[in-house]
Every structure is written in C-alpha cells, then in structure tokens.
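These notes concern the structure reproduced below.
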Amino acid sequence: MRDSSLRATKREWIGLAVLALPSMLVTMDLTLLHLAVPQISADLNPSSSQLLWITDIYGFAVAGFLVTMGTLGERVGRRLLLMLGAGAFGIASVLTAYAETPDMLIVTRAVLGVAGACLAPSTLSLIRNMFPLPAQRTTAVTIWSTSFMLGGALGPVVGGVLLEFFWWGSVFLLAVPVMLILLGLGPFLLPEHRDPHGARVDLLSSALSFVAVLAVIYGVKEIAKHGVSPLSGATVVMGVAVGYVFVRRQRTLTHPLLEMRLFTVRAFSASLTTLLVTIMFLMGVQFLIAQFLQSVLGLSPLQAGLWILPAVLSGMVTALAAAGIVRRIRPAYVFAGGMVVAAIGFALLWGVTEDSGSGLVIAASVLMFAGLTPVSALGVDLIVGAAPPEQAGQASAISETANEFGGALGIALVGSVSAAVYRNSMSDTYPDGVPSGADDTLFAALEAAARLPGEAGGHLADTAREAFAHGLQVNALVAAPLMLAMALGASYLLRQVRASSHEEEPEHSRLAAEPR
C-alpha cells in the first residue's frame, strides 16, 4: 500500500518527458555552435580573442553558476527557477540568433549559460520529488541522463541540416519551441518544491564557487588548446585555492551554499568519483574520435554525427537495461561490468589506422557508450538518492559540475597526450620543404598540404593523418587498462552501497539527523 501511494502516475511520466527536452537542449547547444563557427566568422568577422569567448563563454557560465542555482532553487522554488530559466533561455536564444556584432553574441551566449545553469539542477531535483519510489526514480534519472547524451549526439546532425538550408542563427532558434513547451506545460505537470527552512543565498559563497569553478575549467581548457603555460597553470592553482576558501567557509555557515556533509555519505562520494572519471575518459576519447572521423576519414560534420548515433543509442539501451538489473544486484557489479565492456571498446582503438575505415572506430564507440553510459546514469541516481530531499538541488548541481569538470579535464588530458604523440610522430617523419607550424596540429598540416604541389601535399597529409591515428592509439592504450583498474576500484568503493531501488533505511536520514 505504501508503494502504491508513492508510485508515479502518467502525469509524472509526461512531466519527465517535458523535463528531458530542455536537458537535451542544454548539451545540444554546446555542439551546435561549433558547426556554425565558419559562418559566424564570415558574417561577423570576430577577432581570434572574440571567437574564443564566443565558443567558450556558454560552458563557462553554465559551470560557474550550477552550485548557486542548485541552492537558489531550494530557496525560491525549483519549478519557479526552472520557469525563469526557460524564459531567459528562450529570449537569449532569439537575441543570439540575431546578434549583429561579436560582442553582442558573447553577451547573449553568457546569458544562455546562466539560464542553462538554472535548467540542469532544477530538472534533476524536480525528478527527485516527482518519483519518490526509488525503483521508479532510478528509471526516471536514467532517462534524464541519456537525454544529455542524445543531445550531444544530435547536435551535429540537427545543426548540419539547419546550416545546410538556413543561416547560422537558425541553430539557436531551435530552443524557442522547446522552451515554449516547457513554459506552457510545466505549471500543470511539475510540482513546486522548496526548502521551508531555507535561508537566503550567501553571496560571498556564490562568488567564491563561481571563481573557483570558472578558473579551474578555464585553465584546463587552455592547457588542452595550447599546452601548459604559466598563465594556465596559475589559473588552475588560483581556482583550487579559491575552492579551498569556499569549502572552509561552508563549514562555518549555518545555511551553507553547499552542504559539505554530503561528501561523508559513501554512496554520494564514491558515485561522484566514479562519475567524474567515467566522463573524463568518455568525453576525452570521443573528442578525438570526432576529429578522426572528420579530419582523417574526411567525413562532414553531419556524416560524423550520424555515425556517432549508433553509439549513443547503444548507451541508451544499456542504461535502461541497467536500471532494471541494479534492482537485483549491487551497483558495484553493474559499474564494474560496464567498465570492462568499455575497456574492450578502448582496446579496439589500438588497431585504428588512417586506412582502417570507420567500422572499427564505430564499433569501439558503441562498446564505450554501452559500457559507460549506464555507469554515468546510475552514478547520477545514487548521487541524488543519497542526498536528503531538501538538498536535491545541491546534489544535482554537484553531479552536473562533475560532468563539466570531467568533460573539460578529459579533453585537456587526452588532447595533451594526443598532441604530444602527434608532434613526436611528425618530428620523426617530417617531410622536407614543409612550412613551419604544420607539425603542431593535424588541421595545420592539412592546410599546408593543400598548398603544396604534386605528391608533396599528399605525402604530408598522409603523414599527419597517420600521426593523429597514432595519438588515438596511445590514448586507447592508456584508457583500456585504466578502465579495468576503475572496475576493480568501483567494486571496492561501492561494495557496501545498495541501489536506491532497494528498500532500506536511506543513508541521508542519518545525515539529516546529525547536528552541524
């Protein structure tokens, strides 16, 4: 009878579909812009610095405001914050689409990022309240998590189609009907929830969290693009130092912006660690695979996006299957099994060469997504389920911040290894008479090859593609055994953790009872 009273109805499941749409759009917006960069450059003529901010400011704003918005939703109401974020996202999307100057585009992209930070933790924390029955919540969170993956994969496909027939601003107008649906149906399908004992948001803590997150992610992205430098290193160190001050301050506040005691819950901290490492490897290697498909195999962005879809679909299927399996066995074994499958996928990349075609790369991607998507989805479910209901917004924000950190750190580390291997390979077989700088990146080498006459250009292009493929092989050589090590680590760290779908005294009840 208790389960029957808690069981979600058709209204909640329709509400979940409404919540999945903006979640998918937030990640899709990250990839849509990259396809539109050539048209934006031709139309607005931004400087190199302006173009850098145009591409990065959205992700920076999302990551920087996640923790603040997660806590703010608990204070003012999660549905209210979601509606405000949806309205701001729709308006900013229109302004972005019709931006007339690079500076205007930077500002509107920043507003989009702040609005996106309102959407992500609000949707996940509302799911925490809409699906109180743990077994149903696991399925709901899995569907919500896979919507993020689907958004990232559909971005190149949808963007490629739109840019084929319309101007660059059309990719941003895609958000308008989605936000209108959310604004129209949200008040009727989504419950309101706020912490009745919540105090005002500590502005100093909010500023500290923003600076810490922004500095670390900015520094990591700079390392990924240009290698380690005094500026990028100092930025990361500054971010870590500010983060330390932030943590110290939270321990002294009666109503902290982020409840640090959450990290003492094993299900929360172990799942967060696993989620972070999973996203690092998945996003980092997938970043190289996207470049391989386009620059080595010569596929268009639209074709590359279509080839990535099977991998995303495999991840969605295995994630939904894992949501049922985890009701019977502990998450540790589901996590370990997924990482072993992913290790096999990484191992397949050892055989990738410039002449191997797309089949081997796609097969490896399918196994990687099939193995790691369930780990990511179940990790988010354990993180949110481990927190008390009144702190679901904070837990949601932390999981989303881990996604941002993991993605940025993964691209930086994997990209740095790939770049080092590429330069080393090119230095060993560098053709004579080639312009300087062609050994820095594959893109520069292909541009130089196009300007060289006769066989020299073809030789340079083949050498550069082979060097890039070698970098992908080395990353796979590192990732495969590390995935196996992570499988053992997850088995150990989560060995005592039961899935939220098991009926037992939740660990967050102990947390709520403990005095500060």
### Message
With every protein chain kept in place and ligands, DNA and RNA left out, what is the accessible area per residue of the stretch 23-123? Probe 1.4 Å, answer in Å².
### Response
32 Å²
### Query
What shape does the stretch 90-131 take by its C-alpha gyration tensor, where a ≥ b ≥ c are the square roots of the eigenvalues and a/c under 1.5 counts as rounded, a/b above b/c as prolate, and the rest as oblate?
prolate
## Note on the structure
Check: C-alpha center the stretch 320-346 vs C-alpha center the stretch 63-133, spacing in Å is 32 Å
### Student exercise, the stretch 262-408 dipole from Lys, Arg, Asp, Glu Cβ charges, in Debye to nearest 20
480 debye
### Average accessible surface area per residue within the stretch 294-378, 1.4 Å rolling probe, Å²
37 Å²
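The values are calculated or read from the model by the stated rules, or taken from the named source; none is laboratory data. Since we're looking at a predicted model, the values are computed, not measured. FYI the Cβ positions are ideal-geometry reconstructions off the backbone, even for glycines, and counts take in every protein chain you see. To get the accessible areas, we keep the full protein, side chains included, count just its heavy atoms, and leave off ligands, DNA and RNA. Shrake-Rupley method; radii C 1.70, N 1.55, O 1.52, S 1.80 Å.
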